[in-house]
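Peer 1: Structure incoming, see below.
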Amino acid sequence: MSKPIIRYLRFHCPSPTAIPQPNRDGALAVVLLLDQIPRNVFRGNGHAFATDPLALHGAARAIDAGHDAK
């Protein structure tokens, strides 16, 4: 079930900013989806780290929005 989501994000989001983060919960969901889900779905495979740049960008956007201070 998660593989199509990861595939979609890797190939259809031309920019990390294309992934919406409407609020604090949404920002957390984006980071978890992009960081933790691929690590478990693709464990032992190089694909486990394919969305790391997107996850890092999502985390930076959340911090810039002040979501870490709440």
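The values are calculated or read from the model by the stated rules, or taken from the named source; none is laboratory data. Since the model is a prediction, treat every value here as computed from it, not as a measurement. Here the Cβ positions follow ideal geometry from the backbone for every residue, glycine too, while neighbour counts run over all protein chains shown. When the accessible area is computed, the model is the full protein with side chains, heavy atoms only, and any ligands, DNA or RNA have been set aside. Shrake-Rupley method; radii C 1.70, N 1.55, O 1.52, S 1.80 Å.
Peer 1: Find all pairs meeting these conditions: Cβ atoms under 8 angstrom apart; at least six residues apart or on different chains; first residue within the stretch 26-54 and of a type in the set (Ser, Thr, Tyr); second residue open to solvent by 50 Å² or more (accessible area, probe 1.4 Å).
Peer 2: From the stretch 26-54, the pairs are 51/10.
Peer 1: Of everything in the stretch 30-56, what is surrounded by 13 or more Cβ atoms within 10 Å (Cβ to Cβ), assigned to a helix (DSSP H, G or I) and either under 8 Å from the mean Cα position of the chain (by Cα) or among the acidic types (Asp, Glu) (or both)? Give them in sequence order.
Peer 2: So the first thing to find is which residues in the stretch 30-56 are surrounded by 13 or more Cβ atoms within 10 Å (Cβ to Cβ), and the list is 30-31, 33-35, 37-39, 41-42, 47-52, 54-56.
Still in the list and also assigned to a helix (DSSP H, G or I): 30-31, 33-35, 37-39, 41, 47-49, 52, 54-56.
30, 31, 33, 34, 35, 52, 54, 55, 56 - these are the residues of the stretch 30-56 that are surrounded by 13 or more Cβ atoms within 10 Å (Cβ to Cβ), assigned to a helix (DSSP H, G or I) and either under 8 Å from the mean Cα position of the chain (by Cα) or among the acidic types (Asp, Glu) (or both).
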